[in-house]
Structures are given as C-alpha cells and as structure tokens.
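Notes follow once the structure below has been shown.
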Amino acid sequence: MNEYINIIGGGLAGCEAAYQIAKRGIKVKLYEMKPKKFSPAHSNGNLAEIVCSNSFKSNLLTNACGLLKEELRCLDSLLIKTADKVRVPAGQALAVDREMFSKIVTNSIENNKLIEIINKEVISKYDDNEDKKSKNIYLEDLIEDTITIIATGPLTSDSLSIGIKKLTGEDELAFYDAAAPIILKDSIDFNIAFYGDRYNEEKKKDESIEEWINRIKSDKSDYINLPMNKEEYENFIYELINAQVAELHSFEKREIFEGCMPIEIMAKRGIDTLRFGPLKPVGFEDPRTGKRPYAVVQLRQDNVKASLYNLVGFQTNLKYGEQKRVFSMIPGLQNAEFVKYGVMHRNTFINSSILLDNRYNFRKKSNIFFAGQITGVEGYVESISSGLVAGLNATNMVKNSKQIIFSNETMIGALANYISTLNKNFQPMNANFGILPELEGNKIKDKKKKYEELSKRSLEIIKKYYNSEIYLNYE
Ligand SMILES: Cc1cc2nc3c(=O)[nH]c(=O)nc-3n(C[C@H](O)[C@H](O)[C@H](O)COP(=O)(O)OP(=O)(O)OC[C@H]3O[C@@H](n4cnc5c(N)ncnc54)[C@H](O)[C@@H]3O)c2cc1C
C-alpha cells in the first residue's frame, strides 16, 4: 500500500479530507477536474466551490445543522473555520462570501506542501466512449494499491460514474434524488393518526369498539395513517395544485420527470387521481368514526429508531415553504416538524446503507472511502462532516492506528450511522435531531430545551475526542 492518499474531487468534502490528512503528516494527491472540465452547476476554477445558496444554515445550537457546525469547529474543520472568517450578515445563519470562501480554501490547500493538486478528470476503463490514452487517469489504477477517497459530489462526471457503478454494483448508484418529505414522529397528532397496514385495521367480529381502538393505537406496524374526509381532501388538492414549485436547473428537467412523478403533477390530472393512487383509503377504517375515510395519507418508518417517517408517494418539487404550508393541512400534521423536505434534483449517490460502514469506508474493498454528497449525506455542512470522518480514518489506516467511530450521540456520528444502517428505502439525509438517541431519564417536553440538552451532550463528547490521542494523531 502506498504511503499517500488519493482524493478524487476537490469540493467541500474532498478539501476537508485533504486538510485533515495533511495536518497529520500524510501526503495527498488531490484530483480535481476543474478548470479543464466543469459539471453543469460548477463555474469557477477554485476548489470548494459553493454551487447554490451561500448559506451554511443556522448557527444556533437548537438547530441540528448549527450543532453539526459547532462540532466541526471543535474538531478543527478547515472549511467551517473559513466560513466563519468570511461570514456575511444573515441573522442567525452562517452565510458566506462565496468567492472569498473558495479562494481561501484553495490557498490553504495549494500552499500545503503535503498536498499535490492534479487538475485532471479521473475516468473509468469501463467507459467505452473515452479515448484510451496512456495519459488518462483511471479510477481502477488509483484504487489498486492506494487508499483513495472518492468525493466527486452530486454531479460526478459520467465516465467516473461508470467506474463507480462497476465498483458498487449496477443498482446501487442513483442519479437523481426524488424524495418525499420526512417528519419527526413526535410531532404527529395521534388523536387523528393511527398505526396499521392496509386491511389489518378492520374490527374483528369478537372485538369491542374499545378493544379495537386500543389495538389499533398500540399496533406498531410499519405505517402511520392519516385519514381525510371529503372536504379536507378537496381543500388539500386545491392548495397542492396551486402551490409554488421550485425552479429546476435546465440540466435537471429531462432526467427527473421521466423517472418519477411529483405528487403535485399527479394531482393535476384530476381531482380523484390521488384517491385512486397513493392516497387510496381501501383497507382502512378510521378508528374515530368506524368508517372508511375518503382518502388516507400513509407515513412509512424511515429509520430503525422509528423517530422519522416519510410521506409515502409524496415526491415533490414544491418550494420548501409551500411543502410546510400545504402538507401541514393533512389531518394529524398540523404541527408536523419536517426534518427534510421533498426534493427532486440531480444527485449522484450510492446506496451507502449497504455499501459503507460508519467510517465512510467501502465494505467491498477496504482501501476505498467515499465522502460528501455521493454518500447520501445531504448539504454543504453534512458533506464537510463526512470528508472529515473519511479523512481521519483514511489517515489512521495508512498509519495502522485505531479507526475513529464517532458516537451516535454526536451529530457527526449519527449522520455516519444513519447512512450506513441497512434501509430498504435509502434516501439522502441531512442533519436533524431525529437521528440522535433520546436523552436518558425524563423526557423533556419543551422542544427547544430538549435540543439544547442534546447539543450539550454531543459537544461534551466531541471535546473528549478532540483531546484524545487517537483523534489528534499528529506527526
Ligand atoms: C445544483 C445543486 C445545488 C445545491 N445547493 C445546495 C444548497 O444550497 N445548500 C446545501 O447545503 N447543499 C446544496 N447542494 C448539495 C451539496 O451540499 C453540494 O452539492 C455540496 O457541494 C456537496 O459537496 P461534495 O464535496 O460532496 O461535492 P462538490 O462540492 O460538488 O465537489 C465535488 C468535486 O468533484 C469534482 N469532480 C467530479 N467528477 C470528477 C472526476 N471524475 N474527476 C475529478 N474531479 C471530479 C467536481 O468538479 C467538484 O469540484 C446542492 C447540490 C446541487 C447539485
């Protein structure tokens, strides 16, 4: 095994990983295809380009992304420290001057003597369209005998995607994310919602009404159901079809709508389309009325802990604010907390739930790590966090020292754990409090207080890591 580490992709995750590795005295070869080739969303020649919003979201510790950033600050993240330096006014959010941000990160990486930047696209030998020249840099060569981190992001080049597909298996690489919103279970109104799978809910002959209601309420089946009457359904459809949709980038339009139908488009086909599709009430009786509802929205369990549920069939392209407004009209969701909104965008990501472990290490070939959005973490800060974890563990692999697995009680560890836990319906995930284990002892009712306590618990653990020898591991 070579004594240096390859990183493919000089975006947010790749740069964080490079910094962490070089800081610990190991050489890095960083392959970045810009400025020779640009993805459809990248446009400047610098590393760590911010492709869209200039916000790294909230800085508050009562916000999950705020906690993740604070953890990263404690762990000496180059990218979060840089973001803090080039902050622009945005209330409680950490927004940055995007040009200065990329420039400072690029300078830090370029000036690091242990990091060599190679401005070339990494391609695959399995790509029949590529000219096979001796000068090409092939994924298959890089990963043969060198520890390699693949951090090429949601817009990984086509040729490299072919190579990654070969590594992961045909079905384990997705090219767009058409996901439904995810809701915190604790925020659902169970005076309206009931558990149950279709047809299991009918009253048994020998059951009293009370027994029947108790059975339904205590039944922890995979689905939570939200019944609607005619008026509720029709009002909902009206708002859904008139809600504002998010702009798609031109490169996204064709691919997305061919592959998956957003719920708002389906609803426009006719008032009853959803009632005969994902909202069909067949097989259910509403325990409050004893009758079949007019329509039923189903929520499916999204994590092992059963703290998160997704809205079945609700892939959507509505603007986030509109999702909150319109989906909160569904009975039982009036106070719902959305930990992730539905999205429909180009997004290359692997099925980490079977392919990676909680160090972002590839299970099928241990000298490979993945980092960034391609692992199914979603967002700038989340991508940075995975770059840090992959970088640390790749370093320790070269040094033959202990691997670092962050506790599930930290946001950085919980994210790594989420993406690497078996999940039949694996979809990308952002930082949210629903993926952290509950606090021990008394349940705190007040949400803000609870999040403060969860953050406090996490930061105490993170500080211990930072002071521990296995984390520091400097030359
Ligand atoms: C259009 C779009 C908008 C987004 N907006 C937001 C947002 O507003 N907020 C948010 O939090 N998240 C957003 N994201 C999601 C995500 O957080 C960002 O994409 C983030 O930059 C991901 O970091 P990364 O390091 O994984 O990938 P990137 O930052 O994209 O870095 C990957 C790098 O790899 C390079 N590369 C690709 N293929 C190759 C190859 N074959 N060889 C060599 N180099 C290669 C690319 O040029 C790029 O520099 C958005 C994503 C997209 C696609």
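The values are calculated or read from the model by the stated rules, or taken from the named source; none is laboratory data. Since the model is a prediction, treat every value here as computed from it, not as a measurement. Methodologically, a virtual Cβ is constructed for each residue, glycine included, from the backbone with ideal geometry; neighbour enumeration extends over all protein chains shown. Calculation scope for accessible area: heavy atoms of the full protein, side chains included, ligands and nucleic acids excluded. Shrake-Rupley method; radii C 1.70, N 1.55, O 1.52, S 1.80 Å.
Explain nothing, just the number: relative contact order of the chain, from Cα pairs under 8 Å at least 6 residues apart, as a whole percent.
21 percent
Please work out the Cα center distance from region 276-298 to region 1-60, rounded to the nearest Å.
Value for the Cα centre distance between the two parts: 49 Å.
Just need the relative contact order of region 182-341 here, percent rounded to a whole number, with Cα pairs under 8 Å and 6+ apart. Don't jump to the answer; show the numbers that get you there.
Working: 248 pairs, mean separation 63.5, N = 160.
RCO, region 182-341: 40 percent.
Just flag the trypsin sites (Lys or Arg not before Pro) in region 71-151 sitting in loop per DSSP whose Cβ has no more than 11 other Cβ atoms within 10 Å.
Details: sites: ARG73, LYS81, LYS85, ARG87, ARG98, LYS103, LYS113, LYS120, LYS125, LYS132, LYS133, LYS135; in loops: LYS113, LYS120, LYS125, LYS132, LYS133, LYS135.
Answer by residue number: LYS113, LYS132, LYS133, LYS135.
Of GLY313, THR410, ASN242, which is farthest on the positive side of the dipole of the chain, counting Cα position, with +1 on Lys and Arg Cβ, -1 on Asp and Glu Cβ, and the Cα centre as origin?
THR410
Among DSSP beta bridges lying fully in the chain, give the percent that are antiparallel, nearest 5.
On the way: 30 of 49 bridges.
Counting DSSP beta bridges with both partners in the chain, the antiparallel share is about 60 percent.
Roughly speaking, to the nearest percent, how much of region 182-341's 1.4 Å accessible area is carbon and sulfur?
The computed percentage sits at 50.
Under a Cβ-only charge scheme (Lys and Arg +1, Asp and Glu -1), can you give me the dipole magnitude of the chain about the Cα centre, in debye to the nearest 20? Before the final figure, lay out the partial values.
Details: 65 positive and 64 negative charges, 127 e Å.
That gives a dipole near 600 debye.
For the pair ILE271 and GLU210, how long in nm is the line joining their label points, each one 7 Å along Cα→Cβ?
4.1 nm
With a Förster radius of 30 Å, plug the Cβ-Cβ distance of SER366 and SER55 into 1/(1 + (r/R0)^6) and report the FRET value to the nearest 0.05. Working shown, then result.
Numbers: r = 36 Å, r/R0 = 1.22.
The formula returns an efficiency of 0.25 here.
Which entries in the list LYS23/LYS365; LYS165/LYS464; LYS166/LYS402 go over 28 Å, if you measure between the two C-alpha atoms of each?
Beyond 28 Å: LYS165/LYS464; LYS166/LYS402.
Do any GluC sites (Glu not before Pro) in region 3-54 lie in a DSSP loop with no more than 11 other beta carbon atoms within 10 Å, and if so, which? All intermediate terms of the calculation are to be shown ahead of the outcome.
Numbers: sites: GLU3, GLU16, GLU32, GLU49; in loops: GLU3, GLU32, GLU49.
Passing sites in region 3-54 are GLU3.
Given the options SER39, ILE143, GLY91, identify the residue whose Cα lies farthest towards the positive end of the charge dipole of the chain (+1 on Cβ of Lys, Arg; -1 on Cβ of Asp, Glu).
Comparing the listed Cα positions along the dipole, GLY91 ranks first.
For the pair LYS445 and ASP186, how long in nm is the line joining their label points, each one 7 Å along Cα→Cβ?
A separation of 1.3 nm, rounded to one decimal place.
Ignoring ligands, DNA and RNA, what accessible area per residue does the chain give at 1.4 Å, in Å²? Mind showing how you got there, number by number?
Details: 20860 Å² over 475 residues.
That works out to 44 Å² for each residue.
Beyond a 32 Å Cα-Cα separation, which of these cross-linked pairs lie in this structure: LYS319/LYS448; LYS27/LYS448; LYS103/LYS447; LYS120/LYS399; LYS85/LYS340? Could the numbers behind the result be given before it?
Details: LYS319/LYS448 26 Å; LYS27/LYS448 44 Å; LYS103/LYS447 39 Å; LYS120/LYS399 28 Å; LYS85/LYS340 28 Å.
Result: LYS27/LYS448; LYS103/LYS447 exceed 32 Å.
Where does the chain land at 222 nm, in deg cm²/dmol rounded to the nearest 500, when only DSSP H runs of n ≥ 4 count, each adding -39500 (n - 2.57), divided by all residues?
Result for the chain: -10000 deg cm²/dmol, rounded to the nearest 500.
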